[in-house]
Amino acid sequence: MSALTILDDRIPYQQPLGALTLNTVTGPPQQLQVSDSQGLLATLTVGARTVTMRGATRTFTENKRPFTDQFTRTSSDGFGTSPGGGSWSQSGTSTLYTVTGSVGQISCDVANSSRHTTIVDTLTDVDVTAKVTVTTVPAGATTSIGLSFGYTDTNNANRARLLVLTTGVVQLALEKEVAGTTTTLGTATQVGTGFTGGQWWRIRAQRTGTTIRCRAWKDGDPEPGTWLHSVTETANPSGRVGLRALASTGSTGLPRLVQVDDLQVISGSWETVPSVTHSTWVRVLAQPFNGTWTPALADQIRTWATDTRPDVLAYAMMYVTGAPAVTSPALAGAQVAGQCSYGPLDSSGIPIEGADFHDYMARDWVFANGETQTAGVGEAGCLDCSGFVRMIYGFHMGIPMVRNLNIDGTVLPRQTKDIGPSGPGIIVAQATGAAPPLTNIQIGDVPHFDATSGGGETEGQLDHNGIYLGTDSLGQPRFINSRKTPQGPTFGDLGGASRLDGAGTYATSLRLIRRF
């Protein structure tokens, strides 16, 4: 489940041998390449503080973040957005799917008509559970609630199907549906009796490789230690998770109301797991490089050549899925790293923008230029997109920060709209109304976007940024960024591909690349 950095220590990095040689690249941007007997060692950019260094090979990977949807929002037109899990999609009339009283509710208003609602996030191996009920004992015929997985459309999915009979008997079946044809993999087996309207039951389903399994139990009882149904099955190997409700033929007293709560993805693997491997480390100079090579710079480069302390990329990975909490004694034990969210949720369940680096630490802050800012309420452990960049490059790497005053091209401002045109370092590419070329992009650069995805952004104004990680295992340029849909820092593709090429939101809305 966790996103992590793996250091390849099987072949220890060898200290540079012999003299350092220099090569000037006229650019733009103008650069100085530093080599040793093993090849290119470091690249410095005139006007920028960031330096790319050759070091031990690292692999950066990320997988699905666990989450629970407790439906603590209100919606009369679909299930809305699930915290950390993407948006809900539904079949048929969206008003049949509502969120009220902290539960999701599906109206089965027509007999023998399936109602499907799923989270838009394709997974392969998955472990998912949910709490479900029917508000009344079914009349006329059975009502069922299926916990779907491997769902691609209404005719293709696997499901653990809880059946509530008119007699109050509760059964669990395991099914697959392929091209509209349903096959029973585990026959409907009794798991309880005496069902009363509104009595909550829990269903759990898993896929591990080609094994799918399920179990069910009454809420409040201990979870069974064994699976009721477990089979080998290759159909529907990947897809969404969600619910399918059905009032069977012969049902009376419709609409029948099915409710769901506490849907939890305990673990899951994306169909294509983003993975970036290279030997580039990103360090930051005390001052921008002015183009002059000095003995002090030579000493710094030699020191960095064997330095395994965290660099820009390592710090960025300290906030992704599964990252452990790190506290600072110098800041009275405040948490300064660890898995984080984007922001607190509004009434519709969407994360709120506004969490800066000091909000994450729950600390008030005084900036070097005299500006002050109190920690935001409910924003502890949260970072919005520019807050994430400031946490890495400002708090950890030492680039001086301001909020909105004294923005002079040497400091790191609070807002993306200011960081892009007026932040520290140099602009290596920009364009108006189109994506600039990626010819000069370098690992550690900060791409800026005009994504205009709501939250008060203005069309034509930079409103999102991140940190470029490098090319992934498929040769795609990938960046890490904090955003709303995955609820925090990610270089995965939930809520938009974290790629700078292709036809995705970020590839087409890229407008500027800055090198700090």
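Readers should treat all values here as calculations from the given coordinates under stated rules, not as data from a laboratory. Just so it is clear, the structure is predicted and the values come from calculations on it, not from any experiment. Heads up, the Cβs are rebuilt from the backbone with ideal geometry, glycines too, and the neighbour counts pull from every protein chain shown.
A straight line joining the Cα centroids of the stretch 174-223 and the stretch 372-400 runs 44 Å. In terms of surrounding Cβ atoms within a 10 Å radius of their Cβ, Thr303, Thr98 rank from fewest to most as Thr303, Thr98. Placing +1 on the Cβ of every Lys and Arg and -1 on the Cβ of every Asp and Glu, with no other charges, gives the stretch 67-270 a dipole of roughly 240 debye about its Cα centre.
Ignoring aspartates and glutamates fewer than eight residues from Lys176 along the same chain, the ones with Cα atoms less than 20 angstrom from its Cα are Asp121, Asp125, Asp127, Asp153, Glu233, Glu271. Out of [x] 24.6, 78; [y] 26.3, 88; [z] 25.4, 95, which label holds the value of Rg and Dmax of the Cα atoms in Å that was computed here? Given [x] 24.6, 78; [y] 26.3, 88; [z] 25.4, 95, the calculated one carries the label [y].
About its Cα centre, the chain has a charge dipole of approximately 600 debye under the convention of +1 per Lys or Arg Cβ and -1 per Asp or Glu Cβ, with nothing else charged.
Take the Cα of Ala19, step 7 Å toward its Cβ, do the same at Ala286, and the gap between the two points is 2.7 nm.
Can you put His116, His229, His278, His448 in order, fewest other beta carbons within 10 Å first?
So the residues, fewest neighbours to most, are His278, His229, His116, His448.
From least to most packed, judged by other beta carbons within 10 angstrom and beginning with the fewest, Trp365, Trp88 follow the order Trp365, Trp88.
Taking Lys and Arg as +1 and Asp and Glu as -1, the other residues whose beta-carbon sits under 11 Å from that of Gly394 total +1. Thr374 sits among other residues whose Cβ lies under 13 Å from its own Cβ, and their net charge, with Lys and Arg +1 and Asp and Glu -1, is -3. Need one word for the stretch 426-515: rounded, prolate or oblate. Basis is the Cα gyration tensor (sqrt eigenvalues a ≥ b ≥ c); a/c below 1.5 gives rounded, then a/b vs b/c decides. Oblate shape, in that a/c is at least 1.5 and b/c is the bigger or equal ratio. The alpha carbon centroids of the stretch 457-500 and the stretch 301-323 are separated by 20 Å. Axis of helix 295-305 versus longest Cα principal axis of the chain: the two differ by about 30°, to the nearest ten degrees.
Add +1 for every Lys or Arg and -1 for every Asp or Glu among the other residues with Cβ under 10 Å from the Cβ of Trp217, and state the total.
The answer is +1.
Please label the shape of the stretch 67-270 as rounded, prolate or oblate, based on the square roots a ≥ b ≥ c of the eigenvalues of the alpha-carbon gyration tensor (a/c under 1.5 means rounded; beyond that, a/b larger than b/c means prolate, else oblate). It is rounded, given that a/c, with a ≥ b ≥ c, falls under 1.5.
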